[in-house]
Amino acid sequence: MNKNYYILTNLLSEEETNIITSIIDHIEKGEKRVGIHQIASENYVSTTFIIKMCQRLGFDGYSELYYHLSQRVNAYDQASGTAALQELIDNYDEEKGRQFCEILSEFQDQKIFVEGRGFSELVADYLVQRLAVCGFMVYNKVHFYDFMIFHDQNGLETNVNPALMIAISQSGETAPVINDVKTAKQKGYKIICFTRRSDSTLATLSDLTFVVDGAKQTLIGGVPNPFFGRIILAFEELMGKYLLGKESNKKKNCN
């Protein structure tokens, strides 16, 4: 990230620039608040030097400077994330980003199923791995099918807890995907989908629809086809937004 975004380097000496850069590096790594003594040690200056620098820049002290830089880093990350998502998702806006984060938070301790067929199944497998790494209880379509059959055969339908399904289909009309989504909806699941068509059956059934590389005509065999790759990139950005918000809320609760 460009450190000049946060500071006017022509106002700072080389030592002062290094101090600012050092603080920003710690913030970007998501570390807990780094004290003035550590920053001074890392940059071979005294704490008095840092305090005088802060005052010269118009801050009361180190704590105020640190808070200011933290706010700027988070604002920059959110702005760049939004820009990236708008490039990858045709209908993305902040409201959809907020809804995505709220739904994930709602189901962070519940089951999540990811559904896709054909090339979409490869993307679904990636999403399963990404969510699992982030601590979610996530399963692919096979587990969903077995889960529903088990409950149906054993008369346990009423014990099925609400869960979340993420469905992927270029056309939004893939029959096996639509059937599973309909079954999930009947059980009270929430549905997030990625599709190329906002007017598709899948989009109609979903609580939150992300349109990727939107088109009326879906050429399955077309080359190049950016649909699948864009979903993976978009999901990484969405997860980054979710995790950033979660960390921010955690810090607020600790203060």
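The values are calculated or read from the model by the stated rules, or taken from the named source; none is laboratory data. Note that the structure is predicted; figures quoted are calculated from it, not measured. Every residue, glycine as well, gets a Cβ built from its backbone with ideal geometry; the counts of neighbours run over all protein chains shown. Please note that ligands, DNA and RNA were not included when accessible areas were found on the heavy atoms of the full protein model with its side chains. Shrake-Rupley method; radii C 1.70, N 1.55, O 1.52, S 1.80 Å.
Just to be sure before I move on: is E87 open to solvent by 60 Å² or more (accessible area, probe 1.4 Å) and within 15 Å of L244 (Cα to Cα) in the structure I sent?
In short, no.
Condition first: modelled with pLDDT of 90 or more and on the phi > 0 side of the Ramachandran plot. Now tell me which residues in the range 1-50 satisfy that.
Across the range 1-50, the qualifying residue is only Y44.
So how many residues does the range 166-206 have that are among the acidic types (D, E), out of contact with any Ser or Thr (no Cβ under 6 Å at 6 or more places or on another chain) and open to solvent by 50 Å² or more (accessible area, probe 1.4 Å)?
Number of matching residues: 1.
Within the range 164-209, track down each residue that is in a loop (DSSP other than H, G, I, E, B) and among the basic types (K, R). Reasoning before the result, please.
So in the range 164-209, the residues in a loop (DSSP other than H, G, I, E, B) come out as 170-174, 187-189, 196-200, 206-207.
Scanning the range 164-209 gives K187, R196, R197.
Every residue, every condition in (1) open to solvent by 50 Å² or more (accessible area, probe 1.4 Å); (2) modelled with pLDDT under 85; (3) under 21 Å from the mean Cα position of the chain (by Cα), yes or no:
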site: T218; (1), (2), (3): no, yes, no
site: V223; (1), (2), (3): yes, yes, no
site: F228; (1), (2), (3): no, no, yes
site: I231; (1), (2), (3): no, no, yes
site: L238; (1), (2), (3): no, no, yes
site: K250; (1), (2), (3): yes, yes, yes
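Which number in (1) surrounded by 14 or more Cβ atoms within 10 Å (Cβ to Cβ); (2) outside any helix (DSSP H, G or I) marks the one condition that G58 misses?
(1)
Test each condition in (1) in contact with a helix residue (DSSP H, G or I) (Cβ under 8 Å, 6 or more places away or on another chain); (2) under 30 Å from G229 (Cα atoms); (3) at pLDDT below 80 for A75 and report the one that comes out false.
Here A75 clears every test but (1).
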